[in-house]
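Right, one structure below, let's go through it.
Values in this text are rule-based calculations from the coordinates and carry no lab data. Everything quoted here is computed from the prediction, not taken from an experiment. Neighbour counts run over all protein chains shown; Cβ positions are idealised from the backbone, glycine included.
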Amino acid sequence: MRYILGIETSCDETSVAVLEGRATHASIVASQADLHAQWGGVVPEAAARQHVERLHPILQQALDTAGIELRQIDAIAVTNRPGLIGALVVGLAAAKSLAFALRVPFVGVNHLEGHLYSAFLTEPDSDIPFPHLALIVSGGHTELVLARGHGDYQLLGHTLDDAAGEAFDKTARLLQLGYPGGPEIDRRARQGDPNAFRFPRAQVAGWRFSFSGLKTAVRREVERLQAQGALNAQAVDDLCASFQQAVVDALIEKAVSAARAYGAPTLTVVGGVAANSALQAQMRTACQRAGLNLKIPPPNYCTDNAAMIALAGYFRLLAGERAAYDLDAYANAPLGDDSRPQ
Ligand SMILES: Nc1ncnc2c1ncn2[C@@H]1O[C@H](COP(=O)(O)OP(=O)(O)OP(=O)(O)O)[C@@H](O)[C@H]1O
Ligand SMILES: [Mg+2]
């Protein structure tokens, strides 16, 4: 098993990757963000149609970048859960057809498992350390996971309401900063004062998170400033910085405590929000203090990409896993759901 093809179409990124063993030779990502920006969020049917249009040109681009022919592919890994059903089935159907035509094995990968492996994409030559503690912070998830081995995960806690990325996107919408909101809030926050507004840090027991109270607090402040005619550019910068700081504080506090509590020497931060510059800088300092190794993927591997799916699939294929042609797509699927019908 030399070359693995990865396919990711769970949301609004169409992506194809080629790995040789654990080394990434190509990871092409076509984002649909511009398309969905006009509606202020992802429109599922539009996302699925874009995947139909773009998947095969991107597959060709990935093969060209890797410098190989389609017939050299030895196995295929495809995201089949969780995600938008219409979007998932485009990638899944393509993966099955390719596997059928090439007579190669394929596996279905949980998108969240892909995010977990993204932390190690740039280190193909070193062992993946187990156990490690993963903080998944993406558009749809905020979870603390203890990774005990390949495919062996314990979900410690998740958000009770909004995901961190969702909170960034909703706050950005409130401030009319466009979609997706995370990168823009990150940029505006650099010019703002994180102490200008004191937003609440939710006190949630255990390894869980909550961001809906924070979102409401920002809305109230925006309404108050609007009523006073004081919602100027500086106020928006300060709101962004103060909101971002509240999210960062919550994430760092829980993730570092969990890593210590479970004796995990390595902490990974993965998913789109892991690209946040304040989170990265402050998490680095906190981990140094706590004596933890910190792994955060480069920004292009924080957000959705097929390389992480191919890497997760690589270990499943190595363990002998093979999917059947009746493999289905699932909108909801927790990490570690290996009892799924395959
Ligand atoms: N620099 C940043 N700061 C904060 N948030 C960011 C940044 N860059 C991206 N994001 C956020 O990351 C999210 C997208 O991440 P990702 O692609 O991993 O999510 P998703 O795939 O839509 O969700 P999931 O993986 O849970 O299914 C968006 O909510 C976006 O606003
Ligand atoms: Mg994702």
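Quick one: 3J(HN,Hα) in Hz for the stretch 90-101, Karplus 6.51/-1.76/1.60 with θ = phi - 60°, rounded, Gly and Pro as x.
5, x, 5, 5, 5, 4, 5, 4, 5, 4, 5, 5
Distance between Cα centroids, the stretch 96-153 to the stretch 1-54: provide it in whole Å.
Using only Cα atoms, the two centres lie 16 Å from each other.
Please list 3J(HN,Hα) in residue order for the stretch 307-321, calculated via the Karplus relation 6.51 cos²θ - 1.76 cosθ + 1.60 where θ = phi - 60°; whole Hz, with x for glycine and proline.
4, 5, 5, 5, 5, 4, x, 3, 5, 5, 5, 4, 7, x, 6
Once both labels are modelled 7 Å past Cα along the beta-carbon direction, what's the residue 100-residue 219 spacing in nm?
Label-label distance for residue 100 and residue 219, simple model: 4.7 nm.
For the chain, which span is the longest to avoid every loop-located (per DSSP) member of chymotrypsin sites (Phe, Trp or Tyr not before Pro) having at most 12 other Cβ atoms inside 10 Å?
40-324
For residue 26, what residues show an amide H to amide H distance below 5 Å, using hydrogens built from the backbone and excluding near sequence neighbours?
Those lying under 5 Å, H to H, from residue 26 are 18.
What distance in nm separates the two pseudo spin-label positions at residue 53 and residue 155, each 7 Å out from Cα along the beta-carbon direction?
Placing both labels 7 Å beyond Cα along the Cβ direction yields 3.5 nm.
Hey, got a sec? Which GluC sites (Glu not before Pro) in the stretch 11-75 land in a DSSP loop and have at most 14 other Cβ atoms within 10 Å? It would help to have the intermediate numbers written out before the result.
Working: sites: 13, 20, 45, 53, 69; in loops: 69.
Filter output for the stretch 11-75: 69.
If you filter the stretch 1-93 for trypsin sites (Lys or Arg not before Pro), then keep DSSP loop positions with at most 11 other Cβ within 10 Å, what is left? Before the final figure, lay out each step's value.
Values: sites: 2, 22, 49, 54, 71; in loops: 2, 22.
Those that pass, being in a loop and sparsely packed, are 2.
Could you estimate the translational diffusion coefficient of the chain from the Stokes-Einstein equation, with Rh from the Kirkwood formula over C-alpha pairs, at 20 °C and 1.002 mPa s, in whole µm²/s?
Working: Rh = 20.5 Å.
In µm²/s, the coefficient is 105.
By the gyration tensor of its Cα atoms, with a ≥ b ≥ c the square roots of the eigenvalues, what is the shape of the stretch 182-284: rounded for a/c under 1.5, prolate for a/b over b/c, or oblate? Can you show the working numbers first?
Numbers: a/c = 3.03, a/b = 1.81, b/c = 1.68.
It comes out prolate by the Cα gyration axes.
Would you tally the net charge around residue 154, using a Cβ to Cβ cut-off of less than 12 Å, leaving residue 154 out, and scoring K and R as +1, D and E as -1? Present the calculation step by step, with values, prior to reporting the outcome.
Details: positive: 148; negative: 143, 152.
Net of charged neighbours comes to -1.
Efficiency by 1/(1 + (r/R0)^6): what FRET value for residue 130 and residue 288, r their Cβ-Cβ distance, R0 = 22 Å, to the nearest 0.05?
On the way: r = 22 Å, r/R0 = 1.00.
Approximately 0.50, to the nearest 0.05.
In degrees, nearest 10, range 0 to 90: what is the angle between the Cα axis of helix 212-227 and the longest Cα principal axis of the chain?
Result, in degrees: 50.
Listing 1, 283 from the residue with the fewest other Cβ atoms within 10 Å to the one with the most, what is the order?
Values: 1 12, 283 23.
By the 10 Å Cβ count, ascending, the order reads 1, 283.
With charges only on Cβ, +1 for K and R and -1 for D and E, what is the dipole size of the chain about its Cα centre, in debye, rounded to 20?
My answer is approximately 540 debye.
Show me, for the stretch 190-206, the HN-Hα J-couplings you get by feeding each phi into the Karplus relation (A = 6.51, B = -1.76, C = 1.60, θ = phi - 60°), rounded to Hz, glycine and proline as x.
Once rounded to whole Hz, the list reads 5, 9, x, 9, x, 9, 5, 10, 9, 8, x, 9, 4, 9, 10, 5, x.
Report the full-extension gain for the segment residue 23 to residue 173: residue separation times 0.36 nm, less the Cα-Cα distance, to one decimal in nm.
Working: separation 150, 0.36 × 150 = 54.00 nm, distance 3.82 nm.
Additional length available on full extension: 50.2 nm.
Which percent, to the nearest 5, of DSSP beta bridges fully inside the chain are antiparallel?
60
Given the -39500 (n - 2.57) contribution per DSSP H run of 4+ residues, what per-residue ellipticity at 222 nm results for the chain, rounded to the nearest 500 deg cm²/dmol? Don't skip to the answer; put the middle values down first.
On the way: 11 runs with 150 residues, N = 342.
So the helix-based figure for the chain works out to -14000 deg cm²/dmol.
Once label points are set 7 Å from the Cα along Cα→Cβ at both residue 193 and residue 249, what is their separation, rounded to one decimal in nm?
1.6
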